[in-house]
Amino acid sequence: MKTALITGITGQDGSFLAEFLLEKGYDVHGTIRRSSVDYRERIAHLEGHSNFHLHYADLADSMSILQVVKKVRPNEIYNLAAQSHVQVSFDSPEFTADVDATGVLRILEAVRQCDLTDTCRIYQASTSELYGKVEEVPQNEQTPFHPYSPYAVAKLYGYWIVKEYREAYRMFCCSGILFNHESERRGETFVTRKITLAAARIAQGKQDKLYLGNLSSLRDWGYAKDYVECMWLILQNDKPEDFVIATGEQHSVREFCQLAFHHVGIELRFEGEGENEKGIDVKTGNVLVEVSPDFYRPTDVVNLWGDPSKAKRELGWNPQKTTFEQLVQLMVDADMAKVAVERAGERVRMNLAEYLEKGIVK
Ligand code: GDD
């Protein structure tokens, strides 16, 4: 039986990956951070499984990482833990650097200190944000990086330190350069989930309007559940290499919005430009979507489009397993069901998430 250690197991990707590896017969260990707020919602259904184990550790604390690696002695480590919100990284750049950059080094060093360099393979969750102010469209493994946020700069260090340890110590460590990947488990302040939740709440009369930032931003959005399979395939490969993981298809935030509202039975027409652009309900004439500069970023990445040819060719991975339309539909369906049973307290929590993102509540 293989043993895997997942940092960030409570997140969207961590929870899907844990399910995937348990099904493959792995002994799955995950790291969680101490918190007075329960954030284990996504893995609650796995707790109690005989091959599922949780340990307290924090990427900002090298001793805790060393201890857990020493105890678990994993065959595979998936480093998915991060401060993953790009906009938040402008407010907390130092914390982001500590976790997303130095945190990667702490994992690599723990593996070395425990003499596991020959037996432990490491997957690093890298990101299309490395391309940032893009120098080429679409982006592949050869495209030059141009990070454009404190988050991306920190992740760039993670990418290079993985490459360095691979070459210096012959470690089997790889980066998956993942383009945006979403699901019904996506955090509520990322744009896709914010839209599907709002569409569901507006359709059910529980919200009046949705405020967004840059509607013209372009992304290559895939389904997170499909992407965790690729993380695993990267570590099963004969040689340690980095891969772009994307669908090869690009859409704007505006298009995502229109499709999500369409699935709840509302046709949106967009009018105006920049801050004055509005999404109007074609049937009633009501303004349902407005632009708020609160959601603009000091520097925004606006043209991400991945070329997954290498992963397709060398790993046999199917980038179009779930289409864009299916992704939006499954997220909307899940939020329609969630909102239907939503209680007042939950609404307060969701509003709080939005206030946090806007910086109204710190
Ligand atoms: N969050 C958010 N909220 N984004 C908005 C909004 C809004 O109200 N309105 C427009 N956007 C735009 C952002 O400016 C950005 O250009 C785009 O929507 C996507 O934003 P996010 O969903 O927050 O994701 P991201 O692309 O910044 O980062 C995600 O994907 C990366 C992979 O490319 C995160 O998951 C990162 O951790 C990940 O590395």
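The values are calculated or read from the model by the stated rules, or taken from the named source; none is laboratory data. In this text the structure is predicted, and so the values were computed from the model without any measurement. Neighbour counts are summed over all protein chains in view; Cβ atoms, including those assigned to glycine, are modelled from backbone coordinates with ideal geometry.
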How many residues of the stretch 115-155 are over 16 Å from the mean Cα position of the chain (by Cα), part of a helix (DSSP H, G or I) and not β-branched (V, I, T)? The answer is 1
Every residue in the stretch 193-214 that is within 12 Å of the ligand (Cβ to nearest atom), within 19 Å of F270 (Cα to Cα) and hydrophobic (A, V, I, L, M, F, W, C), please. I195, A198, L210, L212
Of (1) within 16 Å of the ligand (Cβ to nearest atom); (2) over 24 Å from E229 (Cα atoms), V104 satisfies every one except (2)
Which of the residues belonging to the stretch 21-51 are surrounded by 18 or more Cβ atoms within 10 Å (Cβ to Cβ), part of a helix (DSSP H, G or I) and either over 15 Å from the mean Cα position of the chain (by Cα) or without any contact (Cβ under 8 Å) to a residue 40 or more places away in the chain (or both)? L21, I43, L46
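Residue-by-condition table, conditions (1) of a type outside the set (S, T, Y); (2) over 19 Å from N79 (Cα atoms); (3) part of a loop (DSSP other than H, G, I, E, B); (4) touching a residue at least 40 places away in the same chain (Cβ under 8 Å):
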| residue | (1), (2), (3), (4) |
| --- | --- |
| N214 | yes, yes, yes, yes |
| V228 | yes, no, no, yes |
| L235 | yes, no, no, yes |
| P240 | yes, no, yes, yes |
Inter-residue pairs, beta-carbon under 6 Å, first of a type in the set (V, I, T) and assigned to a helix (DSSP H, G or I) and in the stretch 184-197, second at pLDDT 95 or above and away from the ligand (no atom under 12 Å from the Cβ), 6+ apart: I195/A260; T196/A260; T196/M331; T196/V332; T196/D335
How many residues are within 14 Å of the ligand (Cβ to nearest atom), in contact (Cβ under 8 Å) with a residue 40 or more places away in the chain and outside any loop (DSSP other than H, G, I, E, B) if we restrict to the stretch 265-287? 2
Out of the residues in the stretch 301-321 that are away from the ligand (no atom under 16 Å from the Cβ) and part of a loop (DSSP other than H, G, I, E, B), which is surrounded by the most Cβ atoms within 10 Å (Cβ to Cβ)? W317
Filtered residues of the stretch 150-169 (kept if within 11 Å of the ligand (Cβ to nearest atom) and either of a type in the set (K, R) or surrounded by fewer than 24 Cβ atoms within 10 Å (Cβ to Cβ) (or both)): K155
When restricted to F179, F172, F190, the only residue touching a Pro at 6+ places or on another chain (Cβ under 9 Å) and within 12 Å of the ligand (Cβ to nearest atom) is F179
